[in-house]
Amino acid sequence: MLWFVGTGINGYRGLSLVALDVLKKCEVVYVERFTSALSDSDLQGLNSILGKQVTPVQRGLVEDGREILEAAKTKEIALVTYGDPLIATTHTELRSRAARNSTKTAVLHAASGVASIMGETGLHAYKFGRMVTMMSEPQSAISVYNTIFENLLAGSHTLILTEYSHAESKEPLFLDPASVFRMLLDAERDQKHQIFSDNTFAVVATRLGLSDQMISSGRVGSLAKIDFGAGPHSVIVTGSLHFTEAEALAALTENIDEPADNSHSVKRISVQMVERYAPKAKQAVQQMRDIVRQNADSKGMFEVLDNAEYYIADSERFLRQARFELAVLSIGYAEGLVDALRFQKGINPWETRG
């Protein structure tokens, strides 16, 4: 039998009475320490309240799973986790493997850190988009940045969980909010979607559930100056804000700057493309007309330019109708016609335009 037991967000003291009864009966109690923080004092508290030694384990043993699954075939085994045990995909995968091996499993749910962060900030849970984790590797920032972009297009909030690791021989590593902000600002300089800056409004939740928890909100430039201390940390980039959410952020968090909607000026890449290229295409067509009028061999060229203008108009109309792919295709067709004349007649309006 394999039990998945969550402590909730308050350490071992958050264990339910049912969970304590189960853990006391289990022959082996594993405590994973890679999805989030269970401190040494929590482990000591567990040992004391259970009257036996628990076994702390890192990611490798749980992901491999063979030791746990083999023991669970004949013994009562428990895997204790921070928060709710099935938030982490690693635990769900282990449970699925146990089921495929005909090993019985059971889950004792507890308060999830994810849901708790949403509730404590006063933001509406149904307005959160895809959740993402920021790791310390630079390439992680691009994935997080793109997730924020997609969520903001829908007006949704983005919850960013931050990297946590705890090797047996080292102090726990928590990726701090300032590093998250710095990496996202670097991603903005590369991607240029204009979604993240020092003026972006964000929320930082630190050590949620502990006696010294902090929940602060404000602009990135303000939050980056704060020393949030030991983790774990989570960051929320807000989307559109209902007035009750704005009021809650001002009342329930350590609010530095007035809550702001980060989504109002965010534009799809296709919209950015059409808005950028349509004026240039119009100018190129007009300049081509001016050149063609001075060319004796201009038969049929004005018809081609007329069609280019029709495509530009179609592109702008498709954009207003939110038919974004057609808008991009149409502007591409317009530029294609201009380039066809350019190559056929040796005339280049793109070079002479302002």
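The values are calculated or read from the model by the stated rules, or taken from the named source; none is laboratory data. Just so it is clear, the structure is predicted and the values come from calculations on it, not from any experiment. Neighbour counts run over all protein chains shown; Cβ positions are idealised from the backbone, glycine included.
Checking Ala178, Ala98 one by one, the residue that is assigned by TED's automatic domain parsing to the domain that holds Leu15 and either outside any helix (DSSP H, G or I) or touching a helix residue (DSSP H, G or I) at 6+ places or on another chain (Cβ under 9 Å) (or both) is Ala98 and no other. How about the stretch 225-248: which of its residues are part of a loop (DSSP other than H, G, I, E, B) and surrounded by fewer than 19 Cβ atoms within 10 Å (Cβ to Cβ)? Lys225, Ile226, Asp227, Phe228, Gly229, Ala230, Ser240, His242, listed by residue number. For the residues Thr103, Thr162, Thr158, the requirement of being touching a residue at least 40 places away in the same chain (Cβ under 8 Å), of a type in the set (Val, Ile, Thr), surrounded by 17 or more Cβ atoms within 10 Å (Cβ to Cβ) and more than 27 Å from Val266 (Cβ to Cβ) singles out Thr103. Is at least one residue of the stretch 77-85 surrounded by fewer than 21 Cβ atoms within 10 Å (Cβ to Cβ) and either among the hydroxyl-bearing types (Ser, Thr, Tyr) or part of a loop (DSSP other than H, G, I, E, B) (or both)? Within the stretch 77-85, not a single residue is surrounded by fewer than 21 Cβ atoms within 10 Å (Cβ to Cβ) and either among the hydroxyl-bearing types (Ser, Thr, Tyr) or part of a loop (DSSP other than H, G, I, E, B) (or both). Considering the conditions (1) in a helix (DSSP H, G or I); (2) loosely packed, with under 15 Cβ neighbours inside 10 Å, Ser265 is excluded by exactly one of them, (1). Among all residues of the stretch 130-148, there is at least one that is in contact with a helix residue (DSSP H, G or I) (Cβ under 8 Å, 6 or more places away or on another chain), among the basic types (Lys, Arg) and not in a strand (DSSP E or B).
Whether a residue is crowded, with 21+ Cβ neighbours inside 10 Å and within 17 Å of the chain's Cα centre (by Cα) was assessed, and Val204 passes this test. Restrict the check to the stretch 211-221 and report whether at least one residue is at pLDDT below 95 and of a type in the set (D, E, K, R). So far as the stretch 211-221 goes, yes, one or more of its residues are at pLDDT below 95 and of a type in the set (D, E, K, R). Taken together, the residues in the stretch 330-346 that are in contact with an Asp or Glu (Cβ under 9 Å, 6 or more places away or on another chain) and either not in a helix (DSSP H, G or I) or not basic (Lys, Arg) (or both) amount to 4.
For the stretch 182-210, the set of residues classified as out of contact with any strand residue (DSSP E or B) (no Cβ under 8 Å at 6 or more places or on another chain) and not in a helix (DSSP H, G or I) consists of Lys192, His193, Gln194, Ile195, Ser197, Leu210, listed by residue number.
The residues in the stretch 26-59 that are out of contact with any strand residue (DSSP E or B) (no Cβ under 9 Å at 6 or more places or on another chain), at pLDDT 85 or above and on the phi < 0 side of the Ramachandran plot can be counted, and the count is 5.
Got at least one residue in the stretch 40-60 being under 28 Å from the mean Cα position of the chain (by Cα), within 24 Å of Val132 (Cβ to Cβ), in contact (Cβ under 8 Å) with a residue 12 or more places away in the chain and crowded, with 21+ Cβ neighbours inside 10 Å? No, the stretch 40-60 contains no residue that is under 28 Å from the mean Cα position of the chain (by Cα), within 24 Å of Val132 (Cβ to Cβ), in contact (Cβ under 8 Å) with a residue 12 or more places away in the chain and crowded, with 21+ Cβ neighbours inside 10 Å.
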